[in-house]
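First the structure, in the form of structure tokens, and then the observations on it.
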Amino acid sequence: MSAPYEGSCNCGAITATFASEPMAVRQCWCRKCQKASAGGPTTNALFATDTMDLRGAVKWSGYEADSGNTVEQGFCPECGTPIFGRNSARQGSWMVRLGFLDGDHDLFPDMAIWLDQAPAWARVPEGIETCATQPAPSPAKS
Ligand SMILES: [Zn+2]
Ligand SMILES: [Zn+2]
């Protein structure tokens with residue numbers, strides 16, 4: 001299955017449609033993500049916000065990351081399902097927790113980041129790119 005993708009939280013109060021393919025799909029093993037995911041990494045598809053149709057009121061909780069950027073995590077205020085992440089340094093795109101997406105999609109993480117902070121039992125899918133921290137932002141493609 002490819003775009004459009006449909007997403008919903010566990011209780012159905014938040015739903016969304018994503019009209020385009022994600023720009024990247026990544027696992028993040030940073031400590032904040034371990035807390036957000038209840039133990040493992042978060043797995044996120046990066047979608048452009050202008051191709052997103054969001055229905056329902058997401059609750060946001062922010063913190064200042066080591067980079068100095070503000071990172072916000074969005075979740076359903078009714079059932080607590082983690083749904084989004086967004087970074088003040090990256091306007092125009094949000095990370096969407098892969099578990100939010102419904103249906104038989106075949107999105108798969110292509111990179112695992114912040115392995116420096118991963119627990120000893122962490123296992124990363126074979127063959128994907130890894131990064132000890134955060135990869136440098138890729139230059140805009142011309
Ligand atoms: Zn919900
Ligand atoms: Zn993270």
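The values are calculated or read from the model by the stated rules, or taken from the named source; none is laboratory data. All values derive from a computational prediction rather than experimental measurement. Here the Cβ positions follow ideal geometry from the backbone for every residue, glycine too, while neighbour counts run over all protein chains shown.
Here's the yes/no breakdown for (1) touching a Gly at 6+ places or on another chain (Cβ under 7 Å); (2) more than 21 Å from C76 (Cα to Cα):
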| site | (1), (2) |
| --- | --- |
| C11 | no, no |
| E21 | no, yes |
| A24 | no, yes |
| C30 | no, yes |
| S37 | no, no |
| T51 | no, no |
| V58 | yes, no |
So, in the stretch 1-19, of the ones that are outside any loop (DSSP other than H, G, I, E, B) and hydroxyl-bearing (S, T, Y), which residue ends up nearest to G103 (Cα to Cα)?
Y5
Yes or no: the stretch 35-43 includes at least one residue that is in contact with a Pro (Cβ under 6 Å, 6 or more places away or on another chain), surrounded by 14 or more Cβ atoms within 10 Å (Cβ to Cβ) and under 14 Å from G7 (Cβ atoms).
yes
State all residues of the stretch 91-142 that are basic (K, R) and surrounded by 14 or more Cβ atoms within 10 Å (Cβ to Cβ); if no residue qualifies, say none.
R97
Give me the pairs: first residue in the stretch 72-98 and within 17 Å of S20 (Cβ to Cβ), second residue more than 16 Å from ligand 2 (Cβ to nearest atom) and among the polar types (S, T, N, Q), beta-carbon distance under 8 Å, and six or more apart or on different chains, which are they?
G92/T49; S93/T49; W94/T49
Looking only at the stretch 61-101, how many residues end up being under 15 Å from the mean Cα position of the chain (by Cα) and of a type in the set (D, E)?
1
Just to be sure, is E78 over 22 Å from C9 (Cβ atoms), surrounded by 12 or more Cβ atoms within 10 Å (Cβ to Cβ), at pLDDT 95 or above and among the acidic types (D, E)?
no
Any idea how many residues of the stretch 21-44 are in contact with a helix residue (DSSP H, G or I) (Cβ under 6 Å, 6 or more places away or on another chain), part of a strand (DSSP E or B) and either under 13 Å from P125 (Cα atoms) or of a type in the set (K, R) (or both)?
1
